[in-house]
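Here's the structure, in structure tokens; my notes come after.
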Amino acid sequence: MNWEGLAFQALDGLASASGLFFVAAGLSLIFGVTRIINIAHGSLYMLGTYIAVTLVATIGGPIGFWGGIVASAIIVGAIGAIIEVLLLRRIYSAPELFQLLATFALLLVINDATLWLWGPEDLLGPRAPGWRGAIEVLGRQLPSYDAFLMAVAPIVLGVLYLVFARTRFGRLVRAATEDREMLGALGVNQSVLFTAVFALGALLAGLGGALQIAREPANLGMDLTVITDAFVVVVIGGMGSIVGSYVAAVLIAEVKALCIGLGLVTLGGFSMNFSKLTLVAEFLVMAVVLIARPQGLFGRAQAAVRGTGEPDAPIRPASWPLVIFGGAVLVVLIFLPFLARSSPYTLVLGIDVLIAVLFATSLHFIMGPGGMHSFGHAAYFGLGAYGTALAVKWLAAPMGIALAAAPVVAALGALLFGWFAVRLSGVYLAMLTLAFAQIVWSVVFQWQDFTGGSNGVLGIWPSAPFDRLSAFYLLTLVPVVAGILLLRRVLFAPLGYAMRAGRDSPLRAEAIGIHVKRVHWIAFAIAGTVCGVAGGIFAFAKGSISPETISIGRSIDGLVMVLLGGIQTLTGPIVGASVFAVLQDFVMQQTEYWHALLGGIILVLVLAFPSGLTGGLVRLAARWRSS
Amino acid sequence: MRAHAIAVLAGTLSVSAAMPASAQQTIKIGELNSYKSQPAFLEPYKKGWEMALEEINAAGGVLGKKLEIVSRDDGANPGDAVRVADELATGDGLNILCGTFLSNVGLAVTEFAGKKKVFFLAAEPLTDKITWANGNRYTFRLRPSTYMQVAMLLPDALTAKKKRWALVYPNFEYGQSAAAAFKDMMKARQPDVEFVTEQASPLGKIDAGAVAQAIDDAKPDAIFSALFGGDLTKFVREGGTRGTFKDRVVVDLLGGEPEYLDPLKDEAPAGWIVTGYPWNEVNTPENKAFVAAYQKRYNDYPRVGSIVGYLTIKSLAAGIAKAGSTDTDKLVDAFGGLKVDGPFGPFIYRASDHQATIGAFVGKLALKDGHGTMVDFKYVDGASVLPSDAEVKKLRPAAAD
């Protein structure tokens, strides 16, 4: 360990921090004012990079470089304004988190649009004219462009700080972050304010992306890479705090630089390669920060948003028509192997849909009635799947025991992580669950000898008589139906009512003696266990398991399923999961640009059904009944 | 529940619309790949197999029937890939599959093919496990594996006679096994070698400045890199600015492949020892014919992906012709020892481990006309860097053959 080397790495880390800061600042600003979790923010960063590369190449020379960067930022800001006006404005009254679905669809569409406009190859921009060389610091070469970036970030931070502290616009933004309904009541035009804020956030993201062209090539994977890092930075810094974003960006960049700088360290006979920690370093820091300071470093408690939509109706037990309908569907499902004799693929798709339905229902259990939004639910799915797979691999367990292992492992994980998670609320809880999911993912990914690393575990095939497709399908049907009915039963048991009370009014619930945190913890554990069952079945259905089952993409898919179906009703996740699974399978076969097609369809559904599919159906039914 | 009815309906419709594989007119092959997540490599790949398809059908097809390819996106993760493979095998009734890119996806589909007894030609995944530790009777693989490519680079790494080496690789199966293979082979042939640092970066997310600096701080004499794609581009730029590569021998796996070399343009690092495909410099008649045909068809030059796509379909056509039928077992038997002619010359699929003996070009990078190309290159035949049949038998599972 060379102290000079580490000091240099620490200094250089500030340059990476600046890119993160720009994106995170925009995201934090947007969330603070509009309460929208903008997953498409990374796409705006990516657009900034691509547009800058094109402009710089077209105009050329130093004017082309700097002008191109500024122009790119402005263009992306304009795109942000257009998105806000055309899309997001229509769904502000939707339940919390629903806008996430719209921004997710937007991410898909922008990704394919970028592929169509710029092609699949990476596009490397030129080096900054006049800043190509390096400065000698501590006996090492510090690229001068890095020094430039190090300076730009605090300057922009200073400008933003002045804007928010001194200008009228800044005052309105700060007021909107605290209480936007009151601001509207005082006569401020909320729509214009929101558009302006969204445009500013997009401009910052575009600027961050444009500045990077001298350091990294524009590529199509940037949107997902950047958005996770940006979320982590925003959460660590505290939602709505620009200074917090800067400090958090610096912290994360320094931790990563330290891991890389330490490299391979040998103490005694034990050697550890710290550079491998870069897989998960930011999530570890986020987990630690959230456990120690639940609002992030500079954040304040989230101001409660007075909902602008209709209040949710209390969940009632199913009415007789619904029970009969459900029974009919169950009968069709049981006879599906017979009905679909001529197309065995229907059963394959059916198994995938059933697994998705169980996943979504268990997630909805804590999201809807529980009010705990979990961005890391795939962790329990993966823990269940790996529990089963490793039981088969290491213990040569027969199928029944391996399947039984799934909920056990998932339950252990859910109990452990749930204890920490329920201490937080709102988006911080969501991000902590995400951090835990990422930690599980990286442990599984790194632990080559035990879990098979990035390859996962192979050779998990169901034993006779379940190696026949129809038999396995019926085997899947049993725990899925049982799981759904169990969760429903719990919802109408005292635990379920206590959970809903804790969601609706924690103070009153505590006052009448409900231990809200404990109830939430138990509910979290139940949801995780049921999800683990889905994971176990998944392992046998596919014959192999790999760390992608624990990835962020899987968790986001689950969220999309729940939100698409509608968070207020109990049949919402079932409908949402079925539609999403079938839709995705169908769309993937249609066209090369299936991301855009899927995103477009989801956007249409979002605009047509602002309270989810079942919410829309319920509303239609109510209107039909009243007419 | 409406959705389930839709599923049945969709399933029934799709099957009634699709013709069964044993139709009189065409031979159908299923193809799946991560088109969405790896477009830089797989768009040329698709062009390659489409060109092969046209050539084969223009010459009358295979066994008197036209060849047809059903191509799907595999979602770039093993779960979706297995479902898509199942859809092709069970839903569309195809018993011949090919494709995949990432090593873990290729492994999952290999496993699926072995279990469901469908023929699978893995086109691009590089992990050794597909033909060795997890090999099975029904899976064959076209591309030279990680082991083979590292072995191809080894003679040049040894002639450099450098004692202190730094390693940098993407932290997943391909990178890990490339680094491990390099370390083992070097230690065996140059016992005094010292590995001063190892940097494992997340795939696609390398912190290039910090990594280049850390490598420089460890003061190696030489660097071995398994980075590719965006990671390589960032690493080259950052390392170049910081002088990481000055006076050091650099060996980079896959660095000479056009899809990874061309984005660097005039920053291509001269002097690096790489494997790749200098498409415009290889003057063999087979390569020149291929390049001319490709450029005429697409108005673009071929990449390594184009070769892989082209040869995948050419191999399958040759195999079906040799087997005289599309029956899975006959095809498996025909593929053992199958000889295929391609732009790199003829190669065979070994019966012992189902690995194709196609090789790669090894040479040095240089700048020409403002972009990178390979010089002093030679073609290394895959067969020369593969272990013998007897050694390979020990590496494969007993039930594989």
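Looking at residue A:395, is it under 15 Å from the mean Cα position of the chain (by Cα), under 30 Å from residue A:279 (Cβ atoms) and hydrophobic (A, V, I, L, M, F, W, C)? When the stated conditions are applied, residue A:395 does not pass them. A residue that is surrounded by fewer than 22 Cβ atoms within 10 Å (Cβ to Cβ), assigned to a helix (DSSP H, G or I) and away from chain B (no Cβ under 14 Å) cannot be found anywhere in region A:208-218. Looking across region A:326-335, the residues that are under 35 Å from the mean Cα position of the chain (by Cα) and either more than 7 Å from chain B (Cβ to nearest Cβ) or surrounded by fewer than 11 Cβ atoms within 10 Å (Cβ to Cβ) (or both) come down to A:326, A:327, A:330, A:334. Would you check if residue B:312 is over 22 Å from residue B:33 (Cβ atoms), more than 14 Å from every other protein chain (Cβ to nearest Cβ) and hydroxyl-bearing (Ser, Thr, Tyr)? For residue B:312, the condition - over 22 Å from residue B:33 (Cβ atoms), more than 14 Å from every other protein chain (Cβ to nearest Cβ) and hydroxyl-bearing (Ser, Thr, Tyr) - is not met.
Looking at region B:192-241 only, could you name the residues that are under 22 Å from the mean Cα position of the chain (by Cα), at the interface with chain A (Cβ under 7 Å from one of its Cβ atoms) and in a loop (DSSP other than H, G, I, E, B)? Correct list: B:202, B:204, B:205.
Select, from A:124, A:162, A:157, A:117, the only residue that is touching a Phe, Trp or Tyr at 6+ places or on another chain (Cβ under 8 Å) and either exposed (fewer than 15 other Cβ atoms within 10 Å of the Cβ) or at the interface with chain B (Cβ under 10 Å from one of its Cβ atoms) (or both).
Step by step, each of A:124, A:162, A:157, A:117 is checked, and only A:117 is touching a Phe, Trp or Tyr at 6+ places or on another chain (Cβ under 8 Å) and either exposed (fewer than 15 other Cβ atoms within 10 Å of the Cβ) or at the interface with chain B (Cβ under 10 Å from one of its Cβ atoms) (or both).
Does residue A:26 count as farther than 17 Å from residue A:114 by Cβ and surrounded by fewer than 24 Cβ atoms within 10 Å (Cβ to Cβ)? Considered against the rule, which asks whether it is farther than 17 Å from residue A:114 by Cβ and surrounded by fewer than 24 Cβ atoms within 10 Å (Cβ to Cβ), residue A:26 comes out as no.
Taking the listed residues B:179, B:166, B:212, B:222, the one that is touching a Lys or Arg at 6+ places or on another chain (Cβ under 8 Å) and either surrounded by 22 or more Cβ atoms within 10 Å (Cβ to Cβ) or not aliphatic (A, V, I, L, M) (or both) is B:212, with no other qualifying. Would region A:221-229 turn up any residue that is polar (S, T, N, Q), touching a strand residue (DSSP E or B) at 6+ places or on another chain (Cβ under 9 Å) and under 20 Å from residue A:52 (Cα atoms)? No, there is no match, as no residue in region A:221-229 is polar (S, T, N, Q), touching a strand residue (DSSP E or B) at 6+ places or on another chain (Cβ under 9 Å) and under 20 Å from residue A:52 (Cα atoms). Number of residues in region A:569-592 that are more than 9 Å from every other protein chain (Cβ to nearest Cβ), surrounded by 20 or more Cβ atoms within 10 Å (Cβ to Cβ) and not in a helix (DSSP H, G or I) equals 2. A count restricted to region A:378-411 and to residues that are at pLDDT 95 or above and not in a helix (DSSP H, G or I) stands at 0.
Here the helices (runs of 4 or more DSSP H) wholly within region B:247-358 that include at least 3 residues being touching a residue at least 40 places away in the same chain (Cβ under 8 Å) and surrounded by fewer than 20 Cβ atoms within 10 Å (Cβ to Cβ) are B:285-298.
Select from region B:88-114 the residues that are polar (S, T, N, Q), within 18 Å of the chain's Cα centre (by Cα) and not in a loop (DSSP other than H, G, I, E, B) and list them in ascending order. Passing the criteria: B:103, B:104, B:110.
Scanning region A:55-80 for residues that are surrounded by fewer than 17 Cβ atoms within 10 Å (Cβ to Cβ), in contact with a Gly (Cβ under 8 Å, 6 or more places away or on another chain) and of a type outside the set (A, V, I, L, M) turns up A:58, A:62.
The residues of region B:115-131 that are in contact (Cβ under 8 Å) with a residue 40 or more places away in the chain and more than 16 Å from the chain's Cα centre (by Cα), listed by number, are B:117, B:118, B:119. If you go through region B:47-70 and keep only what is under 20 Å from residue A:119 (Cα atoms) and either surrounded by fewer than 19 Cβ atoms within 10 Å (Cβ to Cβ) or without any contact (Cβ under 8 Å) to a residue 12 or more places away in the chain (or both), you end up with just B:50. Within the set A:618, A:562, the sole residue that is surrounded by 21 or more Cβ atoms within 10 Å (Cβ to Cβ), hydrophobic (A, V, I, L, M, F, W, C) and in a helix (DSSP H, G or I) turns out to be A:562.
Applying the criterion of being hydrophobic (A, V, I, L, M, F, W, C) and surrounded by fewer than 23 Cβ atoms within 10 Å (Cβ to Cβ) to the residues of region B:192-209, the residue that is nearest to residue A:216 (Cα to Cα) is B:203. Flag set for residue A:271, criterion: within 11 Å of chain B (Cβ to nearest Cβ) and part of a strand (DSSP E or B). Being in contact with a strand residue (DSSP E or B) (Cβ under 6 Å, 6 or more places away or on another chain), of a type in the set (Gly, Ala, Ser) and at pLDDT 90 or above is a property that residue A:534 lacks. If you check residue A:127 against the conditions, is it part of a loop (DSSP other than H, G, I, E, B), touching a residue at least 40 places away in the same chain (Cβ under 8 Å) and of a type in the set (Lys, Arg)? Taking the combined requirement at face value, the residue satisfies it. A Cβ distance below 7 Å, combined with a sequence gap of six or more or placement on separate chains, defines the contacts here; from region A:246-268, residues that are on the phi > 0 side of the Ramachandran plot reach residues that are assigned to a helix (DSSP H, G or I) and modelled with pLDDT under 85 in the pairs A:263/A:274; A:263/A:275. Inside region A:171-198, residues that are touching a Leu at 6+ places or on another chain (Cβ under 8 Å), of a type outside the set (Phe, Trp, Tyr) and either within 14 Å of another protein chain (Cβ to nearest Cβ) or assigned to a helix (DSSP H, G or I) (or both) make up a count of 8. Any chance region B:283-296 includes a residue that's small (Gly, Ala, Ser) and either touching a Leu at 6+ places or on another chain (Cβ under 6 Å) or over 24 Å from residue B:57 (Cα atoms) (or both)? For region B:283-296, residues small (Gly, Ala, Ser) and either touching a Leu at 6+ places or on another chain (Cβ under 6 Å) or over 24 Å from residue B:57 (Cα atoms) (or both): absent.
The values are calculated or read from the model by the stated rules, or taken from the named source; none is laboratory data. Every value quoted in this text rests on a predicted model; they were computed, and no experiment measured them. Ideal geometry is used to build each Cβ from the backbone, glycine not excepted, and the neighbour counts take in all protein chains shown.
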